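Remarks on the structure that follows.
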Amino acid sequence: MADCIFCKIIAGEIPSKKLYEDDLCLAFYDIEPLAPKHFLVIPKEHFASAAEITAENSSVVADMFEVIAQLAAQEGLDGFRVVTNCGPIAGQTVHHLHFHVLSGKQLGSFN
Ligand code: 5GP
Ligand code: ZN
């Protein structure tokens, strides 16, 4: 999608520090990490947020969670948090579905 930062990262038009890539999704480190380990997993198909997940397209979410588990093991994460912000009120700033994976320190409670 035009003017989507994450679509541009997928297309290689914006550089990123990639951790993993397959036909369906991409994982790369967050540019402004909120924890010692903070990476993002995104689908290659553009969805604005988790609010656009349906019975027809939800298999990509299962794939992304398989990748998260695989990367957590690969990176030796001793516990981790998966977060997706959905809409501006939740703090979503990039409107391309993404799962934050946070680890490497004791994480605080939600607010
Ligand atoms: P949100 O606020 O939408 O939940 O999360 C968007 C995340 O994308 C933020 O944590 C932000 O630091 C990250 N981000 C925004 N632009 C870029 C970029 O160009 N490269 C990378 N690697 N991360 C980005
Ligand atoms: Zn996009």
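The values are calculated or read from the model by the stated rules, or taken from the named source; none is laboratory data. Owing to the predicted nature of the structure, the values given are computational and were not obtained by experimental measurement. For neighbour counting, all protein chains shown are included, and Cβ atoms are generated from backbone atoms with ideal geometry for every residue, glycine included. We work out accessible area using only protein heavy atoms, side chains counted, and drop any ligands, DNA or RNA first. Shrake-Rupley method; radii C 1.70, N 1.55, O 1.52, S 1.80 Å.
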Here are some conditions: (1) of a type in the set (Lys, Arg); (2) touching a residue at least 12 places away in the same chain (Cβ under 8 Å); (3) surrounded by fewer than 15 Cβ atoms within 10 Å (Cβ to Cβ). LYS44 meets all but one. Which one does it not meet? (3)
Considering each residue of segment 1-23, count those that are in contact with a helix residue (DSSP H, G or I) (Cβ under 8 Å, 6 or more places away or on another chain) and either touching a residue at least 40 places away in the same chain (Cβ under 8 Å) or near ligand 2 (Cβ under 9 Å from one of its atoms) (or both), and give that number. 4
Complete set of residues in segment 75-95 that are of a type in the set (S, T, N, Q) and out of contact with any Leu (no Cβ under 8 Å at 6 or more places or on another chain): ASN85, GLN92, THR93
From the option list ALA27, ALA73, ALA90, single residue qualifying as closer than 25 Å to ASP3 by Cα and surrounded by fewer than 17 Cβ atoms within 10 Å (Cβ to Cβ) is ALA90
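Residues are listed down the side, and each one gets a yes or a no for (1) of a type in the set (Lys, Arg); (2) modelled with pLDDT under 95; (3) under 14 Å from the mean Cα position of the chain (by Cα):
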position: GLY12; (1), (2), (3): no, no, no
position: SER16; (1), (2), (3): no, no, yes
position: ALA27; (1), (2), (3): no, no, yes
position: VAL41; (1), (2), (3): no, no, yes
position: LYS44; (1), (2), (3): yes, no, yes
position: ALA48; (1), (2), (3): no, no, yes
position: ALA51; (1), (2), (3): no, no, no
position: ASN57; (1), (2), (3): no, no, no
Check off (1) out of contact with any helix residue (DSSP H, G or I) (no Cβ under 8 Å at 6 or more places or on another chain); (2) away from ligand 2 (no atom under 16 Å from the Cβ) for VAL82 and give me the number that stays unchecked. (1)
Within segment 1-24, can you find the residues that are of a type in the set (D, E, K, R) and open to solvent by less than 90 Å² (accessible area, probe 1.4 Å)? LYS8, GLU21, ASP22
(1) in contact (Cβ under 8 Å) with a residue 40 or more places away in the chain; (2) open to solvent by 60 Å² or more (accessible area, probe 1.4 Å); (3) of a type in the set (Phe, Trp, Tyr) all hold for PHE39 apart from (2)
